[in-house]
Amino acid sequence: MSAENASGISDKTRKMVVQAVDSLRPLIQDIALSLYERPETGLNEVFAMGKLTGILADAGFTIERGMAGMPTAFLARSGTARPAIAFMAEYDALPGVGHGCGHNLIAATSVAAGIALNRLFPAGQPGTAGYPLADWIVLGTPAEETVGGKVALAEAGVFGDIDAALIAHPGQRNSVGGGVHWASHPLEITFHGRSSHAGGNPEEGINALDACVAAYAAIRGLRNHLKDPVRIAGIISHGGDAQNVVPDKAQMKFTLRSTDWRYLEDVVIPRVKKCAEGAAMAHAATVEFRHHEPLFRDTLDYPVLMGLARENFEYLGEEIPPPPPLAGGGVTDVGNVTWITPCIQIGYRATTARGHSREMAESTVMPHGITAALTTAKVLALMAWDLVANPALLEQAKNHLDASLTGQ
């Protein structure tokens, strides 16, 4: 092992970071087990938020609660310096499954990374032992599985003074980003007509269901005229109340996804709406639209952050397998953050169980799950210190964001 890594961090400092995280294994285990035993669904994470903020307050962090109108969101800050590096914590569970997505481990790794760095390099003491100053943040982001808490936090400007945001998700393999997380903006389409007796005087009615069915067929056919990759799938959620009454209302819901959020917003959704408007006009109905979920943007990859993640995984003796082929259609609210500030979600091998399963939940509190989380907290902490100690890396990431926003 060389004395320095690519960011110029001495091996001595790297070992200090590793040792500081190692000392927090009992804390990681306590968080993982406590949240596992008390699973809470999105925006109901009262116990989890209290547990995590209590730990962080005891560690010297200043706590702010309830951002973006979400009572279970929080921001724990060690100081007011820049750069400000945030470790994002998730802690919502799945109904009936518990922590089958491992959010208890996500919370544990982020809290441990933040506390370890603040112990080594306190934000309130400029130039501690000759080290640069930084602000360490643990950001509590609720409801990832439902409303996407990070979307609300992003829209509320919470990431405006955060220079980089990091998060680690447990799964079946180590990864440094570069996977496919799609943009998504589901659409509810409601048709209005006029009811009448379907047998006695159908000519007096305006059949909202006929308009809905015609629109459904047209929207499904759009897929042949859009660039790859796009996903269009939907259901008719209301088609009337009685078979002998001309339906005066019909409704359908579509999931609309693309690997490019701008193409989704500028091309796919307008085309879907035109199909519905045309069908409504053809059947003398009216139509209204409502996005019943917010826009989840696709994830912007940052090569410099991916490189740091790979380097630090390998420093700890962890292998990074080749990424899987382009596939999927999965969505994460981390994507919205990546278009505001340099951000990466890494993955780590914590289990062989499938995601969103009871087996996955059980794996999060097994020794191998705790050990994997401990290793990954080290990766997060090392990455954060790389960015602080070598400002050129952070500047490179910000330049990449600027170029991506301008389409360069």
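Coordinate-derived values only; no laboratory data. Quick caveat, the model's predicted, so the values are computed rather than measured. So basically every Cβ, Gly included, is an ideal-geometry build from the backbone, and we count neighbours across all protein chains shown.
Summary table
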read-out: Nitroxide proxy distance, nm - points 7 Å out along Cα→Cβ at Thr352 and Asp30; value: 3.3 nm
read-out: Length released on extending from Thr80 to Leu222, taking residue separation times 0.36 nm less the Cα-Cα span; value: 46.1 nm
read-out: Expected 222 nm ellipticity per residue - DSSP helices of 4 or more, -39500 (n - 2.57), all of the chain, to 500; value: -12000 deg cm²/dmol
read-out: Those aspartates and glutamates that a straight Cα-Cα span of less than 20 Å connects to Lys249, excepting residues fewer than 8 apart in one chain; value: Glu188, Glu203, Glu204, Asp210, Asp241, Glu277, Glu288
read-out: Amide H partners (placed H, <5 Å) of Gly347, local residues excluded; value: His169, Ser175, Val176, Gly177
read-out: Separation between Cα centres of region 182-259 and region 352-408, rounded to whole Å; value: 41 Å
read-out: Extension gain, Lys274 back to Ser23 (0.36 nm per residue minus Cα-Cα distance, nm); value: 84.5 nm
read-out: Per-residue ³J(HN,Hα) for region 207-216, Karplus 6.51 cos²θ - 1.76 cosθ + 1.60, θ = phi - 60°, Hz, x for Gly and Pro; value: 7, 5, 5, 4, 4, 5, 5, 4, 5, 4
read-out: Using θ = phi - 60° and Karplus 6.51 cos²θ - 1.76 cosθ + 1.60, couplings along region 379-391 (whole Hz; Gly, Pro as x); value: 4, 4, 5, 5, 4, 4, 5, 4, 5, 6, 6, 10, x
read-out: Cross-link reach list, lysines versus Lys273, counting only Cα pairs under 16 Å and skipping chain neighbours closer than eight places; value: Lys253
read-out: Whichever lysines have a C-alpha closer than 24 Å to that of Lys12, once near sequence neighbours (fewer than 8 apart) are set aside; value: Lys378
read-out: Residue list for region 200-214, given a label point 7 angstrom along the Cα-to-Cβ vector of Ile236 and an amide N cut-off under 14 Å; value: 207-214
read-out: Folded to 0 to 90 degrees: helix 25-37 orientation relative to the chain principal axis, Cα; value: 20 degrees
read-out: Angle in degrees between helix 11-22 and the longest Cα principal axis of the chain, rounded to the nearest 10; value: 60 degrees
read-out: Relative contact order of region 183-290, pairs being alpha-carbon contacts under 8 Å that are 6 or more residues apart, as %; value: 43 percent
read-out: Gaussian network model of the chain, springs between alpha carbon atoms under 10 Å - residue of Gly307, Gly100, Gly200 with greatest fluctuation; value: Gly200
read-out: Exposed-site-free run, longest, the chain (rule: trypsin sites (Lys or Arg not before Pro); DSSP loop; at most 12 other C-beta within 10 Å); value: 1-226
read-out: Neighbour cut-off at most 15 other Cβ (10 Å), DSSP loop, GluC sites (Glu not before Pro), region 41-137; value: none
